[in-house]
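J.: I am attaching a structure below and will ask some questions about it afterwards.
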Amino acid sequence: NMIITLREAIDALEENSPVVTVDKAALNETIAEVEALVEADYSRKSWSNLQIALTAAKEVVADDAATQEVVDAAVSSLEANKAALVNVVEMKEAIAAAEAKLAEADKYTDETVADLTTAYNNAVYAINSNIGYVQADADMHAANINNAIAALVEKPVEPELTAPAKVENLVAEDT
C-alpha cells in the first residue's frame with residue numbers, strides 16, 4: 001500500500017516541520033504611521049518616494065507567502081523613506097510671509113525688495129518643482145526668506161510740505 005505509506009510520510013513531514021510565523025506587526029505599525037502623515041507638509045518628490053514604498057509595504061502585508069526577511073525589508077524601506085521626507089511647513093510659512101511683505105513692496109527700498117524677491121522666487125521654484133532636495137535645502141530657503149524679510153529697509157518718510165503761512169498773519173503777530 002504505497003498510498004498509505006505516502007500519506008504517512010506526508011503526515012510525518014508536516015508534524016516534524018517547524019511552523020514559520022511571520023510577524024507583520026512592525027510593518028502594520030509603520031504603515032499606520034505613514035498613513036497618518038499629511039501630504040501638504042512634505043516636498044512632492046519625497047512624498048512620492050514614500051508612497052512608492054507604502055504601496056510595496058501594503059503588498060507585502062497582503063502576501064501570505066511573504067517571509068520575515070521580506071517583511072523586515074519592507075519595514076526598513078518604509079522607515080528610510082519616512083526619514084527622508086522633506087518637511088516644507090516652515091518653507092511655506094516663509095513664502096506666505098514674503099508674499100505679505102511683497103504686497104507692500106513700495107514701503108521698502110528697491111535693493112532690499114530685490115533680495116526678498118530673489119529668495120522668494122527660489123523657494124517657490126523649489127517647492128513647486130518635482131526636484132529632489134533634502135531637508136537642509138528646504139530649511140535654507142526658509143532661512144533665506146526670513147533673513148531677507150528681517151533685512152527689509154523702509155524708505156525714508158518724506159516730510160509733507162505745507163503751504164507757507166500768509167505774510168499778513170506773521171506781520172500781525174509781530175505787532
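The values are calculated or read from the model by the stated rules, or taken from the named source; none is laboratory data. None of these values were measured; they are calculated from a predicted model. All Cβ positions, glycine included, derive from the backbone under ideal geometry; neighbour counts span all protein chains shown. Accessible surface areas use protein heavy atoms only, side chains included; no ligands, DNA or RNA. Shrake-Rupley method; radii C 1.70, N 1.55, O 1.52, S 1.80 Å.
J.: Those residues that are in contact (Cβ under 8 Å) with a residue 40 or more places away in the chain and in contact with a helix residue (DSSP H, G or I) (Cβ under 9 Å, 6 or more places away or on another chain), I need them from segment 53-71; list them, please. Step through it out loud before you land on a result.
T.: Step one: filter segment 53-71 for residues in contact (Cβ under 8 Å) with a residue 40 or more places away in the chain, giving 66-68, 71.
Selection gives ALA66, VAL71.
J.: Quick one: in segment 130-161, of everything that is at pLDDT below 95 and of a type in the set (Val, Ile, Thr), which residue is nearest to GLU90 (Cα to Cα)?
T.: Checking each candidate, the answer is VAL134.
J.: Of all residues in segment 32-52, which are free of Cβ contacts under 8 Å to residues at least 24 places away in the same chain and not small (Gly, Ala, Ser)?
T.: Hits for segment 32-52 are GLU35, VAL38, GLU39, GLN51.
Listed here are the residues, each with its yes/no results for (1) open to solvent by 30 Å² or more (accessible area, probe 1.4 Å); (2) under 21 Å from GLN135 (Cα atoms); (3) β-branched (Val, Ile, Thr); (4) in contact with a Cys (Cβ under 6 Å, 6 or more places away or on another chain).
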| position | (1), (2), (3), (4) |
| --- | --- |
| ILE31 | no, no, yes, no |
| ASP41 | yes, yes, no, no |
| ARG44 | yes, yes, no, no |
| VAL75 | no, no, yes, no |
| LYS101 | yes, no, no, no |
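J.: Could you please let me know if VAL171 is aliphatic (A, V, I, L, M), modelled with pLDDT under 95, open to solvent by 70 Å² or more (accessible area, probe 1.4 Å) and not in a helix (DSSP H, G or I)? I'd like the intermediate steps shown before the answer.
T.: On the way: aliphatic (A, V, I, L, M): yes; modelled with pLDDT under 95: yes; open to solvent by 70 Å² or more (accessible area, probe 1.4 Å): yes; not in a helix (DSSP H, G or I): no.
So VAL171 fails the test.
J.: Follow-up question, since we're still on this one. Within segment 31-51, track down each residue that is within 26 Å of ALA123 (Cβ to Cβ), in a helix (DSSP H, G or I) and not hydrophobic (A, V, I, L, M, F, W, C).
T.: Answer for segment 31-51, where residues must be within 26 Å of ALA123 (Cβ to Cβ), in a helix (DSSP H, G or I) and not hydrophobic (A, V, I, L, M, F, W, C): GLU39, ASP41, ARG44, LYS45, SER46, SER48, ASN49, GLN51.
J.: Could you tell me whether segment 88-95 includes any residue that is part of a helix (DSSP H, G or I), within 18 Å of the chain's Cα centre (by Cα) and over 30 Å from LYS155 (Cα atoms)? Working first, answer last.
T.: Step one: filter segment 88-95 for residues part of a helix (DSSP H, G or I), giving 89-95.
Keeping just the survivors that are within 18 Å of the chain's Cα centre (by Cα) gives 89-95.
Add one more test, that the residue is over 30 Å from LYS155 (Cα atoms), and what stays is 89.
Checking segment 88-95: at least one residue is part of a helix (DSSP H, G or I), within 18 Å of the chain's Cα centre (by Cα) and over 30 Å from LYS155 (Cα atoms).
J.: Something else: How many of the residues making up segment 127-142 are in contact (Cβ under 8 Å) with a residue 40 or more places away in the chain and in a helix (DSSP H, G or I)?
T.: Taking segment 127-142 first, the residues in contact (Cβ under 8 Å) with a residue 40 or more places away in the chain are 127, 129-135, 137-139, 141-142.
From what's left, in a helix (DSSP H, G or I): 127, 135, 137-139, 141-142.
Qualifying residue count for the region: 7.
J.: For segment 52-83, which positions are of a type in the set (Ser, Thr, Tyr) and not in a loop (DSSP other than H, G, I, E, B)? First the steps, then the outcome.
T.: In the first step, residues of segment 52-83 are kept if they are of a type in the set (Ser, Thr, Tyr); the result is 55, 67, 76-77.
Those that are of a type in the set (Ser, Thr, Tyr) and not in a loop (DSSP other than H, G, I, E, B): THR55, SER76, SER77.
J.: Still on this structure: Applying the selection to segment 103-116, what residues are surrounded by 15 or more Cβ atoms within 10 Å (Cβ to Cβ) and without any contact (Cβ under 8 Å) to a residue 40 or more places away in the chain?
T.: Scanning segment 103-116 gives ALA105, VAL113, ASP115, LEU116.
J.: Please specify each residue of segment 86-113 satisfying the condition of being of a type in the set (Val, Ile, Thr) and in contact with an Asp or Glu (Cβ under 8 Å, 6 or more places away or on another chain).
T.: In the first step, residues of segment 86-113 are kept if they are of a type in the set (Val, Ile, Thr); the result is 86, 88-89, 95, 109, 112-113.
The answer is VAL86, VAL88, VAL89, THR109.
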